[in-house]
1. Return the residues of the stretch 157-177 that are touching a helix residue (DSSP H, G or I) at 6+ places or on another chain (Cβ under 6 Å) and among the charged types (D, E, K, R); say none if nothing qualifies.
2. Test Leu200 against the stated conditions and say whether it is free of Cβ contacts under 8 Å to residues at least 60 places away in the same chain and out of contact with any His (no Cβ under 7 Å at 6 or more places or on another chain).
3. In this structure, is Phe154 assigned to a helix (DSSP H, G or I) and touching a Gly at 6+ places or on another chain (Cβ under 7 Å)?
4. Given (1) among the aliphatic types (A, V, I, L, M); (2) part of a helix (DSSP H, G or I); (3) in contact (Cβ under 8 Å) with a residue 24 or more places away in the chain; (4) loosely packed, with under 14 Cβ neighbours inside 10 Å, identify the lone condition not met by Ala280.
5. Is at least one residue of the stretch 174-184 surrounded by fewer than 24 Cβ atoms within 10 Å (Cβ to Cβ), out of contact with any Cys (no Cβ under 8 Å at 6 or more places or on another chain), part of a helix (DSSP H, G or I) and among the β-branched types (Val, Ile, Thr)?
6. How many residues does the stretch 238-276 hold that are in a helix (DSSP H, G or I) and loosely packed, with under 14 Cβ neighbours inside 10 Å?
Amino acid sequence: MPMPLPVPAQPNAPATQAATPKLSLIPTGDLISQVFDFYKKHWKLFLQIFVWPLILNCAWLVLTSLSDLIIKQNEASLFVSVVGWITPLIWLLIMVISIWSGAALIFACKEPTTWQLAYRLAWHKLGDYLWLAILTGLMVVGGIMLFVVPGIIFSLWFFLGAWVLIFEDLKGRDALLKSKFYVQGYWWAIFGRQLVFSLLIAAIAGGAMLLGLLLSFLVKTISSTTSSILIIVWQCLVSLLISPLTVGLSYVLYQDLKNKKSAVAFEIMPRAKKHLTWWALWGALSGPIIILAIITALIVASLWLPDAQSLLISGFYG
């Protein structure tokens with residue numbers, strides 16, 4: 001008989017290791033102020049690290065836009081063929097450098113130095129960082145498959161895992177359990193502050209994008225191709241300036257939670273590690289199972305319902 005999956009505790013359930021101290025989390029206003037102060041102090045270093053995956057992504061968006069334009073004009077060209085051939089390699093390169101830069105940004109928060117050194121330090125932790133990301137992703141997916149709510153709980157429990165990995169040198173499940181230890185007792189407080197910060201960032205980004213659309217509209221009267229490229233470059237610039245703020249948010253929250261829990265004993269329980277393993281396995285299995293179930297249901301429905309059959313065919317062949 002397969003072992004049943006453990007049911008996740010409520011977000012504010014007390015930690016199994018020790019009771020959480022009754023200390024208030026940093027106020028929202030102070031949190032936002034500290035994030036922007038931290039960003040202003042290190043913005044050059046953050047931009048130097050974050051710019052490389054963004055340049056790749058921006059260049060790739062420009063290439064694909066030009067390729068789509070050529071296809072719409074019904075012109076076959078070597079350029080379109082080459083873009084199609086290199087697509088998998090470009091996406092793989094963007095993914096690797098994006099993950100690498102994420103680890104480098106955390107190292108820059110730990111030891112503000114040059115962007116080259118941050119990347120070198122991150123390279124030695126890249127395997128552990130990637131494995132941690134996979135574990136977190138699998139558990140969040142597994143939680144989402146069980147009526148969504150567990151996945152939301154897990155995503156906040158484990159959002160400090162990468163910081164624990166780099167700042168405290170705990171790996172894999174140990175890092176995730178330490179992240180959960182920090183978050184327990186503050187789940188709703190963290191959720192509320194992240195929500196407010198996300199709305200603030202969305203407002204700033206939205207205003208910047210409206211300005212970009214206005215500029216694009218003005219340029220479109222001259223050249224539609226130039227307008228398309230302009231909006232892509234503008235999006236990349238907005239992302240370059242705003243995205244490091246989310247790193248600052250995680251850093252300030254991590255430091256505050258670490259200080260709040262400094263007097264509380266933390267112990268890694270073998271049973272808790274097993275629970276994480278089961279959730280990761282469930283996440284790895286549930287995704288393909290759900291997809292297979294949907295495909296099977298569509299096929300069965302197409303055999304019995306003529307309308308569903310035509311819908312299925314139109315879905316596959318456009």
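Throughout, read-outs are computed from the coordinates displayed, never taken from laboratory work. A quick note: this is a predicted structure, and the numbers were derived from the prediction, not measured. Cβ: placed from backbone, ideal geometry, glycine included. Neighbour counts: every protein chain shown.
1. Listed by number, the residues that qualify are Lys171, Arg173.
2. When the stated conditions are applied, Leu200 does not pass them.
3. Numbers: assigned to a helix (DSSP H, G or I): yes; touching a Gly at 6+ places or on another chain (Cβ under 7 Å): yes.
So Phe154 fits the description; yes.
4. (4)
5. Taking every residue of the stretch 174-184 in turn, none turns out to be surrounded by fewer than 24 Cβ atoms within 10 Å (Cβ to Cβ), out of contact with any Cys (no Cβ under 8 Å at 6 or more places or on another chain), part of a helix (DSSP H, G or I) and among the β-branched types (Val, Ile, Thr).
6. Residues meeting the conditions: 4.
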